[in-house]
Amino acid sequence: MTRVLLVDDHAVVRAGIRNALVNLPGLEVVGEVDSGHDLLTALTKLQPDLLVMDVAMPEFDPIQTVKHVRREFPTLRILVVSAYADEVYVTGLLGAGVDGYHLKDQPLADLQLAAQRVLRGERWISSPLVERLVHRQSAPTANHVAPQLTRRQREMLRLLTQGYDNRRIAQAMDLSVKTVENHLTSLYRALGVESRLAATNYANQHPELLAITGLETSSPKPAASNALTVILVDDNARYRQQLARLIGKTYHAATLYEAEDVAEALRLTKQVHPQLAFIDVVLPEEDGIQCARRMKALSPHTRLILISAYPDREFRRLGLNAGVVAFLDKKDLDAATVRQVVEDALGG
């Protein structure tokens, strides 16, 4: 018997979904949850095979939740049933690990088919969404010259690739929603695109757009002779910028990428194979030591440096076992320390 958990903050909607699914042979609805807050507890207690969930619930971060659920319950099938049809939102959730995205205004027969397809290990996307995704995922031409973006535009583009909506972008960048809308309009114009989805696709095809250079982080000085590609992994944007400035003072030819969580760090590692990565020990959902181990598997030649505000001997031991070459106390970081550790890590 296939076990199903329903998650939606509206009882009427849950009842409609339940009535549609109970008619499928071999399927049993074993529980219902009305908030994201209780989701993980229910998953642990009920151990369902299929999670059918809404994603537009109060005080609920769907993308981060899906990433967490996917790590904790890797065999669980996840079907989103939502009224929200924004393409970037859909692609963000699919990228986070959901197996299907079904629109609530579609027939119940389609919902039954969606559940069956997802349980067979297939991907499901409601047909209106498929048409919109196909028609709007037009890649830039090969001859298109990469635009020059401001740091703010790059940060906004990075958040778009993470599936952030305008409200979350405003919160992350300490801006008003109206200001975000204005900046997005300018960003789309700079990229030569017309939508959030097209901007996200452009960024995925041109990851160099998300990088900053050492020259941007400090006053002009003679550039270092060797180019350097670095990923900075920390969930604190202000600290990432501080560390970028320290590296930029010494290595003006450096190309710097920022990641706020493990998923983003791994995606960037696959794309750019950095020479060096600075990784905070404490990250959302997963610790920096695990992040280092996974980055090393993707890019064996990358030199990894762990950083922490709370240096600990056990962290150091675990980090070295994960392939880390150095462990630094955040409080001791300055330009001279960064220069020394980078030179040591790169053998020169």
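The values are calculated or read from the model by the stated rules, or taken from the named source; none is laboratory data. Note that the structure is a prediction, hence the values are computed from the model and not measured. Cβ placement follows ideal geometry from the backbone for every residue including glycine, while neighbour counts extend to all protein chains displayed.
Within the stretch 7-37, the set of residues being under 23 Å from the mean Cα position of the chain (by Cα) and either modelled with pLDDT of 90 or more or over 23 Å from residue 171 (Cβ atoms) (or both) comprises just one member, 7. Just need a number here: residues in the stretch 42-64 that are touching a Gly at 6+ places or on another chain (Cβ under 8 Å), buried (at least 20 other Cβ atoms within 10 Å of the Cβ) and modelled with pLDDT of 90 or more. The total comes to 1.
Could you go through the stretch 291-298 and let me know if any residue there is touching a Lys or Arg at 6+ places or on another chain (Cβ under 9 Å), closer than 19 Å to residue 71 by Cα, modelled with pLDDT of 85 or more and hydrophobic (A, V, I, L, M, F, W, C). Yes. Of the residues in the stretch 253-260, at least one is surrounded by fewer than 18 Cβ atoms within 10 Å (Cβ to Cβ) and touching a residue at least 40 places away in the same chain (Cβ under 8 Å). Considering 229, 213, 179, 250, which residue is of a type in the set (Ser, Thr, Tyr) and modelled with pLDDT of 85 or more? After ruling out the rest, the residue left standing is 229.
Scanning the stretch 169-214 for residues that are under 28 Å from residue 229 (Cβ atoms) and among the charged types (D, E, K, R) gives 196, 208. Among residues of the stretch 312-335 that are at pLDDT below 80, those with a Cβ under 6 angstrom from a residue that is aromatic (Phe, Trp, Tyr), sequence gap 6+ or separate chain, pair up as 316/327.
If you go through the stretch 38-62 and keep only what is on the phi > 0 side of the Ramachandran plot and either without any contact (Cβ under 8 Å) to a residue 12 or more places away in the chain or over 25 Å from the mean Cα position of the chain (by Cα) (or both), you end up with just 47. Scanning the stretch 9-25 for residues that are hydrophobic (A, V, I, L, M, F, W, C) and loosely packed, with under 15 Cβ neighbours inside 10 Å yields 11, 12, 15, 22. When residues in the stretch 66-86 are screened for being within 20 Å of the chain's Cα centre (by Cα) and over 17 Å from residue 32 (Cα atoms), 11 of them pass.
When you scan the stretch 58-66, do you find a residue that is within 20 Å of residue 127 (Cβ to Cβ) and among the hydroxyl-bearing types (Ser, Thr, Tyr), even just one? Within the stretch 58-66 (the criterion being within 20 Å of residue 127 (Cβ to Cβ) and among the hydroxyl-bearing types (Ser, Thr, Tyr)), the answer is no, since none of the residues qualifies.
When the stretch 253-271 is filtered for residues that are more than 16 Å from the chain's Cα centre (by Cα) and at pLDDT 85 or above, the ones remaining, listed by number, are 255, 256.
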